[in-house]
Each structure stands twice: as C-alpha cells, then as structure tokens.
1. Within region 100-109, can one find any residue that is within 20 Å of L164 (Cβ to Cβ), out of contact with any helix residue (DSSP H, G or I) (no Cβ under 7 Å at 6 or more places or on another chain) and of a type in the set (S, T, N, Q)?
2. Output yes when any residue across region 155-169 is more than 25 Å from T47 (Cα to Cα), part of a helix (DSSP H, G or I) and touching a residue at least 24 places away in the same chain (Cβ under 8 Å), and no when none is.
3. In region 47-90, what count of residues is obtained for those that are surrounded by 14 or more Cβ atoms within 10 Å (Cβ to Cβ), modelled with pLDDT under 90 and among the small types (G, A, S)?
4. Residues in region 194-215: is at least one among the basic types (K, R), more than 25 Å from T100 (Cβ to Cβ) and either in a loop (DSSP other than H, G, I, E, B) or under 18 Å from the mean Cα position of the chain (by Cα) (or both)?
5. Hey, does region 173-186 have a residue that's of a type outside the set (A, V, I, L, M), farther than 17 Å from D124 by Cα and not in a helix (DSSP H, G or I)?
6. Hey, among N121, N104, which residue is part of a helix (DSSP H, G or I), among the polar types (S, T, N, Q) and within 20 Å of L55 (Cβ to Cβ)?
7. Across region 1-34, which residue is surrounded by the fewest Cβ atoms within 10 Å (Cβ to Cβ) among those that are hydroxyl-bearing (S, T, Y) and in contact with a Lys or Arg (Cβ under 9 Å, 6 or more places away or on another chain)?
8. For region 159-179, what are the residues that are buried (at least 22 other Cβ atoms within 10 Å of the Cβ) and either touching a His at 6+ places or on another chain (Cβ under 9 Å) or at pLDDT below 90 (or both)?
Amino acid sequence: MLIECRNLKKEYLSDSTMVTAVDNVSLKIDRGEFAVILGHSGSGKTTLLSLIGGLTVPDSGEVVVNGVENWGQSDDALSDMRNSTIGFIFQFASLIPTLTALENVLLPLSFGKQPKGSYQNAMDILDHVGLQDKINSFPSQLSGGQQRRIAIARAFVNEPDIILADEPTGDLDEDTEREILQIFNDYNTGGTTFVVVTHNVRLAETQNNARVLHMRQGVLSEGTAV
C-alpha cells in the first residue's frame, strides 16, 4: 500500500461558522493506481489532496505514505519526503516570475539532498510537453496554457513515485488537455501513482483503468459511475 488515509478530519472556521472540509475520510491507494476524485468546488477534494501531500495537518486521523505517517516524522524528513516522493501539480501554475521556464522546472532539484532528476531529465520533459523552444522564456512571456505545462513538467522532474494533481487541465484548451492526459497515461503505465482531484468528468473517462471516487461535503465515496 503506497498511500493510506485513516479517518481523516479537517475543519475550518469560515465567517464564524465551522466548516468540515474533510469528514472522516479513509482511503487506500496502491502503487501504480490512477485515482480520480470528482467533486464540485467546495467539496473538500483540494483539502484532502493537501492532507495526503503533507501540506496540511489534519485535526484527527493519519496519512501514511510509503509506510511512514506524515506527521510522525520531523519537519526536515517530511520536507525530504515531499521533495523526493511526491510531485505536486497545483490548481494554479505558481511559477517563479524571475526564473525562466527551464529554471522553474529545475527548481525542485535544488531542494533535494539526492535528487533523482537531472538537467537532461528536465529538458526531456519540456520536450515531452512541447515547450523545448520556450526554455529561456519567463512566465510573463508565456500563455496560461504554456505556464500550466511548465508547472506539470516541474512536477515530474524529480521522477516522483506519486503525482498529486489539483485540476491539472483547468486552463488548457482541448488539444493541449488531450496531450497532457496522454503524458499522464504514459507515466502511469511506467509505474507512477496518480491522485487527481477535478470536476472534469472527461479526465476520468480518458484515463486507462482510472479508479473513480466522488467527494461531496467532505465525504468520500467509491464509485464507478462517471
């Protein structure tokens, strides 16, 4: 078992009202799975992804990744795990504006003690996402779709075991979306585990052997219906 969530709960205070974003969620993800969590905005799916990735501390429950509980380790160990084991694709590209496209992709390598990725790997991934001719461009010189592809390339550069993706195709046109989903399929076929949260039903429909889950008002349920 690569990822195991046990009775996760997370609440937030919003306008003097306590909102339960994640409500007693338990989930197991095997190595090599492609899990798609479908849900509307505000359903709690982004919070769940953040809990799995060790970015948010749960109010109760546990997250175990590769046999290690996220919050049972030191901050340094947790940071190392996030850098070496998990590739994050956030809802927004979140590129560093003063770095070129290539430098943004290479950024995770600078944080790892023993990064698995390399400069050549970064170049190969940029070629894979069709931006080999934009390596020296700054984010302000790129379209929204190009920035998204740079962020996706950055997530893969360290050759992570797990990709956690939040609406990864949200601002892409249909042709680019299809290309990115094919890249996801290629990496998944190679053994990379995916947990993707989205409201885009097409994303679940186009992935080979995707496991579909649904989230509503903080509650996660298994389901085959897309």
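The values are calculated or read from the model by the stated rules, or taken from the named source; none is laboratory data. For clarity, every value in this text was computed on a predicted model and none was experimentally measured. No Cβ is skipped: glycine too gets one built from the backbone with ideal geometry, and neighbour counts run over all protein chains shown.
1. The answer is no; no qualifying residue exists.
2. Pass one, region 155-169, residues more than 25 Å from T47 (Cα to Cα): none.
Among the residues of region 155-169, not one is more than 25 Å from T47 (Cα to Cα), part of a helix (DSSP H, G or I) and touching a residue at least 24 places away in the same chain (Cβ under 8 Å), which makes the answer no.
3. Number satisfying all stated conditions: 2.
4. Filtering region 194-215 for residues among the basic types (K, R) gives 202, 211.
Those left that are additionally more than 25 Å from T100 (Cβ to Cβ): 202, 211.
Cutting the leftovers down to either in a loop (DSSP other than H, G, I, E, B) or under 18 Å from the mean Cα position of the chain (by Cα) (or both) gives us 202, 211.
Yes, some residue in region 194-215 is among the basic types (K, R), more than 25 Å from T100 (Cβ to Cβ) and either in a loop (DSSP other than H, G, I, E, B) or under 18 Å from the mean Cα position of the chain (by Cα) (or both).
5. Just the residues of region 173-186 that are of a type outside the set (A, V, I, L, M), to begin with: 173-179, 182, 184-186.
Retained after the next criterion (residues that are farther than 17 Å from D124 by Cα): 173-178.
Now narrow it down to the ones that are not in a helix (DSSP H, G or I): 173.
Looking through region 173-186, at least one residue is of a type outside the set (A, V, I, L, M), farther than 17 Å from D124 by Cα and not in a helix (DSSP H, G or I).
6. Details: N121 fails: within 20 Å of L55 (Cβ to Cβ).
On inspection, the qualifying residue turns out to be N104.
7. Of the residues in region 1-34, the ones hydroxyl-bearing (S, T, Y) are 12, 14, 16-17, 20, 26.
Filter once more, keeping what is in contact with a Lys or Arg (Cβ under 9 Å, 6 or more places away or on another chain): 20, 26.
Numbers: T20: 16, S26: 12.
Result: S26.
8. Within region 159-179, P168, T169 meet the criteria.
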